[in-house]
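A short worksheet on the structure shown next.
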Amino acid sequence: MRITTFPLGPLGTNSYLVDNGYEAVIIDVGGDPSDVVQFLDKNYLALKGILITHRHFDHLYGVHALQKATDVPCYVPGGDDPLRGSESSAGGIWGMPMVESFTETRLPEEKIRISTFEIRILHTPGHTPGSVSYYFADAGCVFTGDALFYRSIGRTDFPLGDHQQLLESVRKTLFTLPEETIVYPGHGPQSSIGDEILHNPFVGDFVCAH
């Protein structure tokens, strides 16, 4: 399975295209998806779905345009419904552009199968009340949105953020994955579960030992 990263939009949100050589899914679409569409066309890939980790504007900016180009469903976690229409979801905060409306489908609770892709849905609230991470067990990787970053965690000062809940999500959910699991975060470089357990200054063994 190939994973291609497209940093998109005003905040450089990592949009991840996952493909098996002929079909693909994408996790988050943070801005103009023209490079994604070109990559799909160049590699003869059929996009089958869009997966959203949480309902913040910088992870949604390109969904409308990508749906217009590919006509695929966009799965959004229902736990973030309380954010619908807010500035942190619809845009406008800090003078940022507004998010163009798109067609959304409610994400299942535990797992989802999109064509040949079998994806486990991990509930990792805290950054937002409905944040999820997507675990591809066969590929040994997890897409954590803004829950867990390289040596960091997501901010919780947005509306409905909860710092303690985020710490518990990382420690009790993400850190139970195999240590060799590659972490693909919503911003910044990739990491691994084992590396973050050892070195993350917010939630790892590093902080517990000090």
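The values are calculated or read from the model by the stated rules, or taken from the named source; none is laboratory data. No experiment lies behind these values; they were computed from the predicted model shown. We place every Cβ from the backbone using ideal geometry, glycine too, and count neighbours over all the protein chains shown. Keep in mind that these areas ignore ligands, DNA and RNA; they rest on the heavy atoms of the full protein, side chains included. Shrake-Rupley method; radii C 1.70, N 1.55, O 1.52, S 1.80 Å.
Numbers for the structure displayed
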| read-out | value |
| --- | --- |
| Residue match in the range 25-38 (condition: open to solvent by less than 10 Å² (accessible area, probe 1.4 Å), in a strand (DSSP E or B) and either more than 25 Å from residue 137 (Cα to Cα) or of a type in the set (Gly, Ala, Ser) (or both)) | no |
| Verdict on residue 65 being open to solvent by 10 Å² or more (accessible area, probe 1.4 Å), more than 17 Å from residue 143 (Cβ to Cβ), of a type in the set (A, V, I, L, M) and in contact with a strand residue (DSSP E or B) (Cβ under 9 Å, 6 or more places away or on another chain) | no |
| Enumerated strands (runs of 3 or more DSSP E) restricted to the range 56-147, each holding at least 1 residues that are of a type outside the set (Lys, Arg) and under 24 Å from residue 189 (Cβ atoms) | 117-123, 132-136, 141-145 |
| Residue match in the range 170-178 (condition: closer than 18 Å to residue 79 by Cβ, open to solvent by less than 20 Å² (accessible area, probe 1.4 Å) and at pLDDT 95 or above) | yes |
| Residues of the range 1-16 classified as in contact with a strand residue (DSSP E or B) (Cβ under 8 Å, 6 or more places away or on another chain), open to solvent by less than 60 Å² (accessible area, probe 1.4 Å) and closer than 11 Å to residue 188 by Cβ, total | 2 |
| Scope the range 38-55; condition in contact (Cβ under 8 Å) with a residue 12 or more places away in the chain and over 21 Å from residue 184 (Cβ atoms); matching residues | 44, 46 |
| Pick from the range 68-97, criterion among the aliphatic types (A, V, I, L, M) and touching a Phe, Trp or Tyr at 6+ places or on another chain (Cβ under 8 Å), ranking: surrounded by the fewest Cβ atoms within 10 Å (Cβ to Cβ) | 93 |
| Residue within the range 106-126 that is touching a helix residue (DSSP H, G or I) at 6+ places or on another chain (Cβ under 9 Å), small (Gly, Ala, Ser) and open to solvent by 10 Å² or more (accessible area, probe 1.4 Å) present | no |
| Qualifying residue in the range 131-141 (condition: in contact with a Lys or Arg (Cβ under 6 Å, 6 or more places away or on another chain), charged (D, E, K, R) and under 22 Å from residue 2 (Cβ atoms)) | no |
| Within the range 127-152, tally of residues that are over 17 Å from residue 194 (Cα atoms), under 16 Å from the mean Cα position of the chain (by Cα) and surrounded by fewer than 24 Cβ atoms within 10 Å (Cβ to Cβ) | 2 |
| Residue list for the range 153-163, restricted to those being open to solvent by 10 Å² or more (accessible area, probe 1.4 Å) and either among the aromatic types (Phe, Trp, Tyr) or closer than 15 Å to residue 13 by Cβ (or both) | 155, 158 |
| Top-ranked residue in the range 183-210 [being among the aliphatic types (A, V, I, L, M) and either assigned to a helix (DSSP H, G or I) or open to solvent by less than 50 Å² (accessible area, probe 1.4 Å) (or both); ranked as modelled with the lowest pLDDT] | 207 |
